[in-house]
Amino acid sequence: MARTALITGITGQDGSYLAELLLAKGYEVHGIVRHTSSLIANTTRLDDVYQDPHESGRRLFLHKGDVTDAGLLVNLIRDIRPDEIYNLAAQSHVRVSFDLPDYTANVAALGAIRLLEAVRASGIDTRYYQASTSEMFGLTAPPQNEAAPFHPRSPYGTAKLYAHWSTVNYRESYGMFAVSGIAFNHESPRRGETFVTRKITRAVARIAAGIEKKVYLGNLDAVRDWGYAPEYVEAMWRMLQGAEPVDYVIATGRAATVREFAEAAFSHAGLDWRDHVEHDERYERPAEVPVLIGDPTEIERRIGWRAEVHWDELARVMVDADREALRAP
Ligand code: NAP
Ligand code: F7E
């Protein structure tokens, strides 16, 4: 029998790569897709694996839903009886979370509780992955590992910390196989266009093509440990295959400033970043997370996962993809 997985956030960057990974491994994959007023479904990132509902032998099933609806989650989990659940759904933009703190918590914090309770209500034996984040470390000095204290600096960070501790609590209270992957920033050509890496690489492509001249950024001094998203979904899957439920930091261990990322991205297209980057305080946050550099020793040692792509190569890959997308008809 094929193993069955349920992914919340399947239409996002990570969800789409994870769906591809699990389908390639022979899984039957179910995903929750939000309703929109304008589209049949927001499934652009799933274009490569999308299967028409009328096809036979289908292994990808998309269900209209939302992690703010507890009843829907109970019914779905009871009907699908997934072997694995990956909770990737979130309002995941840190700056936006300052404008939408209530909504961000409802999705990112309470969404986890609703899923964990739905698992208990359905009485099934399943493994649960919680998409936690380096934003929970916030102001804690680097390198951050599994033992580092948490000090979140945004409504997003605090909401994710609630979901993280809820995952730990359900493991300890009910013996559930529930794990929390504390992922540092990971990017790809599928990254949302308002996150800083993609904002930069998309701007590089458009400036190189003569469509735009400038890109407006906030804090250039922030340091981030940027990895490659397809590798991070492999780490998520591996964490659910372990003999014991263990929480890990998922990171490359190397980092750069936003300025260095911009410099690398512009120079890959033969441009000088100083000619094109302007400051706009609108993109700064009420409280910044200055330095995130993960220590991936534990995940490397215990389950053999290691990041191969680092931030400078990532900048080149993303610039190439954005330039190619502009050339496509
Ligand atoms: P993303 O591209 O922003 O995707 C978020 C996904 O959540 C989308 O599919 C979105 O649906 C869905 N979603 C939002 N609100 C929802 C709701 N109320 N009900 C159901 N689905 C909802 O994020 P990502 O980069 O793939 O990240 C995946 C997860 O890992 C997120 O939880 C994020 O917070 C966490 N994380 C990400 C990083 C990173 O660097 N990428 C690092 C650490 C942790 P729509 O497509 O309809 O918007
Ligand atoms: O910002 C600075 C900004 O929005 C990175 C999410 O996936 O990773 C992501 O959160 C840095 C910050 O990502 C702009 O101030 C400067 O210091 O790309 P970002 P993030 O906030 O690190 C974590 C791990 C997650 O879990 C989140 O879900 O770049 N920055 N200028 C800017 N950031 C943006 N977005 N836009 C700018 O113009």
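Observations on the structure shown:
- Beta carbons closer than 8 Å, at least 6 apart along the sequence or on distinct chains, pair a first residue in the stretch 54-77 that is over 19 Å from residue 117 (Cα atoms) and in contact (Cβ under 8 Å) with a residue 24 or more places away in the chain with a second that is open to solvent by 50 Å² or more (accessible area, probe 1.4 Å) and not polar (S, T, N, Q) for 59/2; 59/28; 60/50; 61/28; 64/34; 64/35.
- When residue 183 is tested against (1) under 30 Å from residue 129 (Cα atoms); (2) more than 9 Å from ligand 1 (Cβ to nearest atom); (3) crowded, with 16+ Cβ neighbours inside 10 Å; (4) not basic (Lys, Arg), only condition (2) is not met.
- Each residue in the stretch 22-42 was checked for being surrounded by 17 or more Cβ atoms within 10 Å (Cβ to Cβ) and not charged (D, E, K, R), and 8 pass.
- Counting only strands (runs of 3 or more DSSP E) that sit wholly inside the stretch 164-282, those with at least 3 residues that are hydrophobic (A, V, I, L, M, F, W, C) are 177-183.
- Residues within the stretch 129-140 that are in contact (Cβ under 8 Å) with a residue 60 or more places away in the chain and either over 19 Å from residue 172 (Cα atoms) or more than 13 Å from ligand 1 (Cβ to nearest atom) (or both), tallied: 5
- Pair list, Cβ < 8 Å and 6+ apart or interchain, from the stretch 16-30 residues that are free of Cβ contacts under 8 Å to residues at least 40 places away in the same chain to residues that are of a type in the set (Gly, Ala, Ser) and part of a helix (DSSP H, G or I): 29/19
Results for (1) among the acidic types (Asp, Glu); (2) within 16 Å of ligand 1 (Cβ to nearest atom); (3) buried (at least 24 other Cβ atoms within 10 Å of the Cβ), shown as yes or no for each residue.
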| position | (1), (2), (3) |
| --- | --- |
| 153 | no, yes, no |
| 158 | no, yes, no |
| 166 | no, yes, no |
| 177 | no, no, no |
| 192 | no, yes, no |
| 204 | no, no, yes |
| 216 | no, no, no |
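- Residues in the stretch 90-130 that are open to solvent by 20 Å² or more (accessible area, probe 1.4 Å), among the small types (Gly, Ala, Ser) and closer than 27 Å to residue 289 by Cβ: 90, 92, 105.
The values are calculated or read from the model by the stated rules, or taken from the named source; none is laboratory data. The shown structure was predicted, so the numbers you read here are calculated from the model rather than taken from an experiment. Quick reminder, even Gly has a Cβ in these numbers, built from the backbone with ideal geometry, and neighbours come from all protein chains shown. These area figures cover heavy atoms from the full protein model, side chains too; ligands, DNA and RNA do not enter into them. Shrake-Rupley method; radii C 1.70, N 1.55, O 1.52, S 1.80 Å.
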